[in-house]
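The values are calculated or read from the model by the stated rules, or taken from the named source; none is laboratory data. This one's a predicted model, so the numbers in the text were calculated from it and none came from an experiment. So basically every Cβ, Gly included, is an ideal-geometry build from the backbone, and we count neighbours across all protein chains shown. When the accessible area is computed, the model is the full protein with side chains, heavy atoms only, and any ligands, DNA or RNA have been set aside. Shrake-Rupley method; radii C 1.70, N 1.55, O 1.52, S 1.80 Å.
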Amino acid sequence: MGRAMSGGGTTGRRVPRVLSIAGTDPSGGAGIQADLKSIAAVGGYGMSAVTALVAQNTRGVRSVHVPQASFLAEQLDAVSDDVVIDAVKIGMLANAEIIRTVGDWLRRVKPPVVVLDPVMIATSGDRLLDADAEAALRELLPLAHLITPNLHEQAVLAGERRAATWPEALAQAERLSASLGVLVLAKGGHL
């Protein structure tokens, strides 16, 4: 593992070590599986800490099992006690306790780059988090350097209606960025 993380050959380039904190997707299209593919595709060394085990396929989710938050904390500590983490990408955080566990770890470890996808609202518009988890997620957002909400999530986080045009989406992302003190990547897929 040391060679994989130290860089390749004679170039002296060090491979970025990126930790994905998210749920699984057995079909490989989302979650940790997709994160690890993306990290590898851009030349990074991917690691993972599992927040939820999801039984799903390309047609939908069948069930979700959320391991105890103490087990997530053990995963996070095990990786960060052994490997210097260059960046963290956070996805599905199933409940308030899981979110607070990730927040406590971020405050303690202080990774240099944190990208957070606030998985709150499905493409269908259905809420994925209860009110307590949503409140905990709002407290986690300022610990990120970049957040990547979909348009539904961006609107909820901004406390506004969903943007109907690209200029509205950009303006809303700018307002949200200013209010949180983090960068916001505006995504127009729902337009």
- Message: Suppose we filter the stretch 162-187 for residues that are outside any helix (DSSP H, G or I) and surrounded by 19 or more Cβ atoms within 10 Å (Cβ to Cβ); how many remain?
- Response: 4
- Message: Please go through the stretch 134-150 and give me each residue that is assigned to a loop (DSSP other than H, G, I, E, B) and within 12 Å of the chain's Cα centre (by Cα), ordered by number.
- Response: Ala144, His145, Thr148, Pro149
- Residue check, Ser80 against (1) within 19 Å of Val182 (Cβ to Cβ); (2) at pLDDT 95 or above, all met but one. Which one? (1)
- Task: Take Val79 and decide whether it is over 14 Å from the mean Cα position of the chain (by Cα), part of a helix (DSSP H, G or I) and either over 23 Å from Val113 (Cα atoms) or in the same structural domain as Ala144 (by the TED database) (or both).
- Result: yes
- Hey, any hits in the stretch 158-166 for a residue that's of a type outside the set (Ser, Thr, Tyr) and within 18 Å of the chain's Cα centre (by Cα)? no
- Query: Does the stretch 94-103 contain at least one residue that is under 18 Å from Val54 (Cα atoms) and either among the hydroxyl-bearing types (Ser, Thr, Tyr) or assigned to a loop (DSSP other than H, G, I, E, B) (or both)?
  - Reply: yes
- Message: Consider the stretch 77-96. How many of its residues are over 23 Å from Val42 (Cβ atoms) and either touching a Ser or Thr at 6+ places or on another chain (Cβ under 9 Å) or not charged (D, E, K, R) (or both)?
- Response: 5
- Please enumerate the residues belonging to the stretch 24-72 that are modelled with pLDDT of 95 or more and part of a strand (DSSP E or B). Tyr45, Gly46, Met47, Ser48, Ala49, Val50, Thr51
- May I ask you to verify whether Val115 is under 21 Å from Gln33 (Cβ atoms), in a strand (DSSP E or B), open to solvent by 10 Å² or more (accessible area, probe 1.4 Å) and not basic (Lys, Arg)? yes
